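Here's the structure we're looking at; comments come further down.
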Amino acid sequence: AHECPHYPYQGPTDPGFRTPGNPEPIAGPRTDQDAAYREMMESMDEGIGRIVDTIDELGLGDDTLIFFFSDNGPSGPGSSGPLRGRKGTVWEGGHRVPAIARWQGRIPAGGETRETAIGMDLFPTFLCIAGIEAPSGRELDGTDLLPLLTTGAALPERKLFWRHKEQRAVRSGKYKLVVEPGVRPALFDLEADLAETADIAPEHPGKAAELSSALAAWELDVSSGVTRLS
């Protein structure tokens with residue numbers, strides 16, 4: 001996993017300033033964070049390019065799946081464009097990120113899809129590629145992405161869930177319900193309103209109630225048998 005771009009904001013030629021037991025300042029000493037952020041992006045691009053070039057030079061492209069994505073939206077100088085929210089939120093700007101997959105001879109070059117995947121999908125995908133059965137008695141949360149990647153087949157219908165601290169969200173098709181402390185749950189149509197500006201819960205109370213129930217059931221399921229530490 002590549003650390004860039006992430007605080008502390010430092011370019012590849014900056015000296016290291018953190019020492020054991022002394023992480024401050026968290027963001028780093030540079031005052032031109034926008035420039036440092038660009039340098040980190042360029043360094044990430046260069047590092048990934050070196051990996052891809054080496055795979056190709058060794059003739060391993062047909063045997064290597066490269067899957068590139070971020071675990072969350074931007075922070076600091078990063079921009080989420082028209083999307084609402086950033087890292088640390090359950091809005092689209094907090095978790096909607098692009099992904100790129102490359103596997104020569106298996107994934108057609110230049111293809112695009114608007115199917116929504118999630119990080120948990122990688123485990124069952126890698127199991128399938130490796131020819132390994134999932135552990136018996138274990139229900140995996142993710143789904144195998146290989147048919148989507150290789151043939152463009154649509155993913156099965158499912159609900160996706162997010163939680164960060166006391167923020168929660170659930171998505172089903174084009175609808176997404178966002179729950180934040182102290183406010184009424186808000187429903188959004190992501191096909192018509194990707195920026196999540198118009199709460200349509202009053203117009204669609206049935207859908208809002210359906211997703212609220214699904215979110216409550218999911219939280220009960222994932223917390224069963226777990227003691228939450230304060």
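The values are calculated or read from the model by the stated rules, or taken from the named source; none is laboratory data. Nothing here was measured: the structure is a model prediction, and the numbers come from that model. Every residue, glycine among them, receives a Cβ derived from its backbone with ideal geometry; neighbour counts consider all protein chains shown. SASA here: full protein model, heavy atoms, side chains in, ligands and nucleic acids out. Shrake-Rupley method; radii C 1.70, N 1.55, O 1.52, S 1.80 Å.
Taking only the stretch 168-197 into account, find how many residues are open to solvent by 50 Å² or more (accessible area, probe 1.4 Å) and under 23 Å from Ser79 (Cα atoms).
Total meeting the criteria: 5.
Of all residues in the stretch 7-21, which are without any contact (Cβ under 8 Å) to a residue 40 or more places away in the chain and surrounded by 10 or more Cβ atoms within 10 Å (Cβ to Cβ)?
Pro8, Gln10, Gly11, Pro12, Asp14, Phe17, Arg18
Does the stretch 194-211 hold any residues that are out of contact with any strand residue (DSSP E or B) (no Cβ under 8 Å at 6 or more places or on another chain), more than 14 Å from Val179 (Cβ to Cβ) and of a type in the set (Gly, Ala, Ser), and which are they?
Ala195, Gly206
For the stretch 127-171, which positions are touching a residue at least 24 places away in the same chain (Cβ under 8 Å), among the hydrophobic types (A, V, I, L, M, F, W, C) and either in a loop (DSSP other than H, G, I, E, B) or over 23 Å from Ser212 (Cα atoms) (or both)?
Ile129, Leu145, Leu148, Leu149, Ala154, Leu155
Residue by residue through the stretch 172-199, note down the ones that are in a loop (DSSP other than H, G, I, E, B) and aromatic (Phe, Trp, Tyr).
none
I'd like the residue in the stretch 96-121 that is open to solvent by less than 80 Å² (accessible area, probe 1.4 Å) and among the polar types (S, T, N, Q) and, out of all such residues, is farthest from Arg163 (Cα to Cα).
Filtering the stretch 96-121 for residues that are open to solvent by less than 80 Å² (accessible area, probe 1.4 Å) and among the polar types (S, T, N, Q), the one farthest from Arg163 (Cα to Cα) comes out as Gln104.
Among the residues of the stretch 42-70, write down those that are assigned to a helix (DSSP H, G or I) and open to solvent by less than 80 Å² (accessible area, probe 1.4 Å).
The answer is Ser43, Met44, Gly47, Ile48, Gly49, Val52, Thr54, Ile55, Asp56, Gly61.
Taking the stretch 94-119 as the search range and keeping residues that are over 10 Å from the mean Cα position of the chain (by Cα) and outside any loop (DSSP other than H, G, I, E, B), which one is farthest from Gly142 (Cα to Cα)?
Ranking the qualifying residues of the stretch 94-119, first place goes to Arg102.
For Gly78, indicate whether it is farther than 23 Å from Thr64 by Cβ and out of contact with any His (no Cβ under 8 Å at 6 or more places or on another chain).
On the way: farther than 23 Å from Thr64 by Cβ: yes; out of contact with any His (no Cβ under 8 Å at 6 or more places or on another chain): yes.
It is true that Gly78 is farther than 23 Å from Thr64 by Cβ and out of contact with any His (no Cβ under 8 Å at 6 or more places or on another chain).
Consider Gly73 against the criteria (1) open to solvent by less than 80 Å² (accessible area, probe 1.4 Å); (2) not in a loop (DSSP other than H, G, I, E, B): it satisfies all of them except one. Which criterion is unmet?
(2)
Test each condition in (1) open to solvent by 50 Å² or more (accessible area, probe 1.4 Å); (2) modelled with pLDDT under 95; (3) over 18 Å from the mean Cα position of the chain (by Cα) for Lys165 and report the one that comes out false.
Going through the list (1) open to solvent by 50 Å² or more (accessible area, probe 1.4 Å); (2) modelled with pLDDT under 95; (3) over 18 Å from the mean Cα position of the chain (by Cα), Lys165 breaks only (3).
Of the residues Arg38, Arg86, which single one is surrounded by 11 or more Cβ atoms within 10 Å (Cβ to Cβ) and in contact with a Ser or Thr (Cβ under 6 Å, 6 or more places away or on another chain)?
The unique qualifying residue is Arg86.
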